[in-house]
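Down below is the structure, laid out as structure tokens.
The values are calculated or read from the model by the stated rules, or taken from the named source; none is laboratory data. In this text, all values refer to a predicted model and were calculated from it rather than measured experimentally. Glycine gets a Cβ as well: all are built from the backbone with ideal geometry, and neighbour counts include every protein chain shown. Surface areas here come from the heavy atoms of the whole protein model, side chains and all, with no ligands, DNA or RNA. Shrake-Rupley method; radii C 1.70, N 1.55, O 1.52, S 1.80 Å.
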Amino acid sequence: MRKVLVVVDMQNDFIDGSLGTAQAQRIVENVVKKIQAYQGELVIATRDTHGENYLETSEGKHLPVPHCIRGTKGWEIRDEVAKALVQVKGEIIDKPTFGSELLAEKLAQTAEEEELEIELVGLCTDICVVSNGLLLKAKLPEAVIKVDASCCAGVTPESHKAALLTMKMCQVEIQGD
């Protein structure tokens, strides 16, 4: 079984930037250690990516806080996370919305050759982690999909817990809770 780590949106804007939280700041070290534990395995990071017209998009109208604008410091993956990704030869996939269809397609192609065990970590549990977890479970229903709660943070502690429960109900294994 091939192990895959998906590191969701560990970007400056979600850690200590325009949408940052204390909870997000606290998981950075855990995420770095998790990435390092996947040396020799497939590691893919997603990067929330918006354009200058963000506020004109559907998401921007519902969340009117410019964030992760391509090319800005907030869009960049946190330095220590980025360094860990380089060490394990991780790949980065830019995504324009909560869930990444490109990520799901890439992992579906990999699953054609071998069974997968996919672990997700990152930000925000209640938006992009849950979106990608459920998208992957729908695309790869026989794959083992896990989330390490100690390497995730939500917009609030309550919404973090609610997202973990939602994923658990959809047969995503929750660890580190």
Provide a single number: the residues in region 26-81 that are within 18 Å of the chain's Cα centre (by Cα), closer than 20 Å to Ser100 by Cβ and not β-branched (Val, Ile, Thr). 16
Taking region 19-34 on its own, how many of its residues are open to solvent by less than 70 Å² (accessible area, probe 1.4 Å) and over 25 Å from Ile69 (Cα atoms)? 2
Select from region 93-125 the residues that are under 13 Å from Leu164 (Cα atoms) and either touching a Lys or Arg at 6+ places or on another chain (Cβ under 9 Å) or among the hydroxyl-bearing types (Ser, Thr, Tyr) (or both) and list them in ascending order. Leu120, Val121, Thr125
Is region 66-74 home to any residue that is touching a residue at least 24 places away in the same chain (Cβ under 8 Å), within 22 Å of Val147 (Cβ to Cβ) and among the small types (Gly, Ala, Ser)? no
If only one of Thr166, Thr110 is in contact (Cβ under 8 Å) with a residue 24 or more places away in the chain, touching a helix residue (DSSP H, G or I) at 6+ places or on another chain (Cβ under 8 Å) and not hydrophobic (A, V, I, L, M, F, W, C), which one is it? Thr166
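Output the residues belonging to region 133-165 that are part of a helix (DSSP H, G or I), among the basic types (Lys, Arg) and open to solvent by less than 60 Å² (accessible area, probe 1.4 Å).
Residue satisfying the conditions is Lys137 alone.
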Tally up the residues in region 56-86 that are open to solvent by 60 Å² or more (accessible area, probe 1.4 Å) and in contact with a helix residue (DSSP H, G or I) (Cβ under 7 Å, 6 or more places away or on another chain), please. 5
Kindly establish whether Cys152 is in contact with a Phe, Trp or Tyr (Cβ under 6 Å, 6 or more places away or on another chain) and under 23 Å from Glu173 (Cβ atoms). no
